[in-house]
1. Give region 80-130 a look and list any residue that's part of a helix (DSSP H, G or I), farther than 30 Å from Ser5 by Cβ and in contact with a helix residue (DSSP H, G or I) (Cβ under 6 Å, 6 or more places away or on another chain), or say none.
2. What pairs come up if the first residue lies in region 72-88 and is farther than 15 Å from Thr51 by Cβ, the second is modelled with pLDDT of 90 or more and part of a helix (DSSP H, G or I), and their beta carbons are under 6 Å apart, counting only those six or more places apart or on different chains?
3. Do we find that Phe18 is touching a residue at least 40 places away in the same chain (Cβ under 8 Å), of a type in the set (Phe, Trp, Tyr) and either surrounded by fewer than 15 Cβ atoms within 10 Å (Cβ to Cβ) or under 21 Å from His121 (Cα atoms) (or both) in this structure?
4. Here are some residues: Gln56, Gln81, Gln32, Gln87. Which one is open to solvent by 20 Å² or more (accessible area, probe 1.4 Å), polar (S, T, N, Q), more than 30 Å from Thr128 (Cβ to Cβ) and within 17 Å of the chain's Cα centre (by Cα)?
5. Suppose the filter is surrounded by fewer than 17 Cβ atoms within 10 Å (Cβ to Cβ), more than 24 Å from Thr128 (Cα to Cα) and modelled with pLDDT of 95 or more; does Asp103 pass it?
6. Can you find a residue that is of a type in the set (Val, Ile, Thr), surrounded by fewer than 18 Cβ atoms within 10 Å (Cβ to Cβ) and within 18 Å of Glu113 (Cβ to Cβ) anywhere in region 36-45?
7. Given (1) out of contact with any Leu (no Cβ under 9 Å at 6 or more places or on another chain); (2) within 20 Å of Pro109 (Cα to Cα); (3) of a type in the set (S, T, N, Q), where does Gln89 come up short, assuming only one miss?
8. Between residues in region 109-130 that are closer than 13 Å to Ala68 by Cβ and residues that are basic (Lys, Arg), which pairs lie under 9 Å by C-beta distance while being six or more apart or on different chains?
Amino acid sequence: MKNTSRERFEKLVAPLYFYMMLSRRAYDKYLQNKILLHALNIFSANEKIVTLIESQPALIPEELIPDAIELVNHYGIWMNQFREFHQSQPFTLKDTYIFHHIDHLSAFPKDAERRFFEYYHQLKKELTND
């Protein structure tokens with residue numbers, strides 16, 4: 001079981017934590033200056049999160065599967081909307097980019113993110129104590 005926990009941590013949980021923190025940092029910068037440069041950094045981090053979750057579903061703890069689905073769904077909506085907007089007109093990195101929700105079902109699932117962060121800290125602590 002410890003090998004499975006370590007494998008889960010190394011192949012899924014720790015990388016997800018890193019990319020989610022990267023996405024948060026990019027979003028913080030975006031909130032200060034809503035330009036395409038920062039939106040592209042959010043997009044890049046979010047794309048890595050989705051790829052990681054979709055490529056390692058067997059490593060997702062059962063209790064976090066609904067959260068993983070919520071995150072992938074949100075990122076999918078956001079990235080599709082971003083691609084459409086970005087491809088609809090020419091932009092430079094310094095141009096303003098404002099994200100608007102198309103519907104009320106696309107808000108970021110903060111609780112899902114929080115539960116992943118809690119799981120990361122819990123598993124890291126368990127592995128450190130072993």
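The values are calculated or read from the model by the stated rules, or taken from the named source; none is laboratory data. Nothing here was measured: the structure is a model prediction, and the numbers come from that model. Note that each Cβ is placed from the backbone with ideal geometry, even for glycine, and that neighbours are counted across all protein chains shown. For the accessible areas, the whole protein counts, side chains as well, though only heavy atoms, and no ligand, DNA or RNA atoms are used. Shrake-Rupley method; radii C 1.70, N 1.55, O 1.52, S 1.80 Å.
1. Once the filter is applied, which keeps residues that are part of a helix (DSSP H, G or I), farther than 30 Å from Ser5 by Cβ and in contact with a helix residue (DSSP H, G or I) (Cβ under 6 Å, 6 or more places away or on another chain), region 80-130 yields only Phe82.
2. Phe82/Phe43
3. When the stated conditions are applied, Phe18 does not pass them.
4. Going through Gln56, Gln81, Gln32, Gln87 in turn, the sole match is Gln81.
5. no
6. Among the residues of region 36-45, not one is of a type in the set (Val, Ile, Thr), surrounded by fewer than 18 Cβ atoms within 10 Å (Cβ to Cβ) and within 18 Å of Glu113 (Cβ to Cβ), which makes the answer no.
7. (2)
8. Glu113/Arg24
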